[in-house]
Amino acid sequence: MKTKRKTEKKAVIRKITSVIVTVALAVSLLPARAFAAYEICGTCQVQADDGPVYTVKSLDYGYVNNTYFSLRDTAMVLKDTDKAFSLGVTSNSVSLTTGNAYIPSGTENEPWESEENPDLSLRRYEFAVNEEKVSYYTMIMKMPSGDYDCFMMITDLAMLLDVDLAVSDTGSLLIRTQEPFCASPEELEEAGYFYGVNSVLAGDATTGEIYYRYQSDDVYPIASTSKLMTCLLTMDAIAAGQIGLEESVIISEAAERLADSSDGVIPLKAGEEITVQDLLLGLLLPSSNECALCLAEAIAGSEEAFVEMMNRKAQELGLSRAVFFNSNGLPVYTEDSMPAKRQNRMSAEDMFRLASYLLKVYPQITDITSQKEAKLQYLDFEARNSNPLLHNMSGITGLKTGTTNKAGACLVTSLSADDGTMEHDLIVVVLGTEDSMERGRVSELLARYALQAFSEGGGASAAADAEGTVRDLPVHAEAAVELVIRGALRKGE
């Protein structure tokens, strides 16, 4: 059974198209262009299925082959397929509706009128798909015709439309509308896609099966993903009856100073009261550092004592390489005459264990982390979730973002999947991307891969001991298969 599983898995991997690699190959076939410090104008030949080949305008943002494609031109490529979409673009917003016929403006699929580099901003413009907000970075440009066009990374568009990409026999970029989006992390790693990331891991928290890992045992700063441990200790305190969700906490002067600093998120004032429920919302949605401090002080009396609890809990959970210096993940300076800057750190494997444990023991935490926004009642403050994947994929349930200069942009993603018998929590850990744009793209790609891997054979049921607590679970695919076999044999007895 092991050998068969390995053979099948290798066959699947060989069949999976690596979307990033194919795009890189397609772009590399374009004519050479002059170097520029900002946007570089170019074109690419794009084809949908067996349809005609179109010229699609492109912009390379900052670097050659960091290519964004014209949505208007691409809409023409897809107009006679099942993935057709209508498009509305203004100076600061994009509206895309799938299944609708695209109405041409008259200048699509023509070469650039000028090779001068436009001065554009790559940012998160307002973007709606079927009137629902999504979170992708784009460039919006006014064309000579007077119409606005949107330039988008083809990988993001492929994920949004759920289509596969390849390089055709003629060297053009091929959009396969009848094939779902898929990617092979193994091929991406071989192509160097993860060189700009500290570490990543994707797996099933319910079974412990790991689908993919890259530098997952190396230790890196984790920024505000540290707040998952703060959340865990808060839930432990609630479960023990030490504090209650509706209990009010008096805001300290230290919390007010943090709120007033450049790292402040929510305006807290010393002497005022706020509930534990609101503090949890502030902790997990907008990633409030001052809410983390308030919870630490309420539970342990001081942040120093709380940090001791964090490190003890890490040891209890087997997070042998985790080290915490504070409750929120901000850099901490020592009190030496020549102070050193320290940051909470952990490996991706330890983070997977922490997130898995949190979801198993306190699954209700996703009632908070799955919310796109929520109101902190005591402060009348609207808190928005910093997790971009909540807008881009269904089934996302959390969990936590984090960013510092040293840690880079981090994201721990949880999503639900159903094997027909029970729901599973899948987890993707991405540590140390260059910016929030790459963090979202890498996390979404791996989240979609995790669903793909789950449907292709992941999803063994978790086993429990006589007391009902989940025991140690396998972390390799072969071990998970053995777990399924043993479970099947027990059912047949």
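Inclusion of ALA292 among residues that are open to solvent by 10 Å² or more (accessible area, probe 1.4 Å), modelled with pLDDT of 95 or more and touching a Ser or Thr at 6+ places or on another chain (Cβ under 9 Å) is not warranted. Report yes if SER93 is without any contact (Cβ under 8 Å) to a residue 60 or more places away in the chain, among the small types (Gly, Ala, Ser), out of contact with any Ser or Thr (no Cβ under 9 Å at 6 or more places or on another chain) and open to solvent by 40 Å² or more (accessible area, probe 1.4 Å), otherwise no. For SER93, the condition - without any contact (Cβ under 8 Å) to a residue 60 or more places away in the chain, among the small types (Gly, Ala, Ser), out of contact with any Ser or Thr (no Cβ under 9 Å at 6 or more places or on another chain) and open to solvent by 40 Å² or more (accessible area, probe 1.4 Å) - is not met. Flag: ILE427 does not match the condition of being under 20 Å from the mean Cα position of the chain (by Cα), open to solvent by 10 Å² or more (accessible area, probe 1.4 Å) and among the hydrophobic types (A, V, I, L, M, F, W, C).
The residues of segment 382-407 that are more than 24 Å from PRO331 (Cα to Cα) and open to solvent by 50 Å² or more (accessible area, probe 1.4 Å), listed by number, are GLU382, SER394.
Within segment 125-145, the residues that satisfy the criterion of being modelled with pLDDT under 95 and open to solvent by 40 Å² or more (accessible area, probe 1.4 Å) are LYS142, PRO144, SER145. Tell me whether segment 146-153 contains one or more residues that are among the small types (Gly, Ala, Ser), on the phi < 0 side of the Ramachandran plot and in a loop (DSSP other than H, G, I, E, B). Within segment 146-153, none of the residues are among the small types (Gly, Ala, Ser), on the phi < 0 side of the Ramachandran plot and in a loop (DSSP other than H, G, I, E, B).
Give the residue, chosen from GLY208, GLY241, GLY203, that is crowded, with 21+ Cβ neighbours inside 10 Å, over 19 Å from the mean Cα position of the chain (by Cα) and not aromatic (Phe, Trp, Tyr). I'd like the intermediate steps shown before the answer.
On the way: GLY241 fails: crowded, with 21+ Cβ neighbours inside 10 Å; GLY203 fails: over 19 Å from the mean Cα position of the chain (by Cα).
From the options GLY208, GLY241, GLY203, the qualifying one is GLY208.
All conditions but one from (1) open to solvent by 30 Å² or more (accessible area, probe 1.4 Å); (2) modelled with pLDDT of 95 or more; (3) farther than 28 Å from LEU390 by Cβ apply to ASP73; the one that does not is (1). Among SER356, SER302, which is the only one that is open to solvent by less than 20 Å² (accessible area, probe 1.4 Å), modelled with pLDDT of 95 or more and more than 19 Å from PHE381 (Cβ to Cβ)? Among SER356, SER302, only SER356 is open to solvent by less than 20 Å² (accessible area, probe 1.4 Å), modelled with pLDDT of 95 or more and more than 19 Å from PHE381 (Cβ to Cβ).
When SER320, SER347, SER287 are screened for being touching a residue at least 12 places away in the same chain (Cβ under 8 Å) and open to solvent by less than 10 Å² (accessible area, probe 1.4 Å), only SER347 passes.
Being surrounded by fewer than 19 Cβ atoms within 10 Å (Cβ to Cβ) and either in contact with a Leu (Cβ under 7 Å, 6 or more places away or on another chain) or at pLDDT 95 or above (or both) is the requirement here; does PRO363 meet it?
Here the answer is yes, as PRO363 does meet what is asked.
Here is the figure for segment 197-255: residues that are assigned to a loop (DSSP other than H, G, I, E, B) and of a type outside the set (Gly, Ala, Ser) total 15.
The values are calculated or read from the model by the stated rules, or taken from the named source; none is laboratory data. Keep in mind the model is a prediction, meaning the values are calculated, not measured. Virtual Cβ from ideal backbone geometry, glycine too; neighbours counted across all protein chains shown. Accessible surface areas use protein heavy atoms only, side chains included; no ligands, DNA or RNA. Shrake-Rupley method; radii C 1.70, N 1.55, O 1.52, S 1.80 Å.
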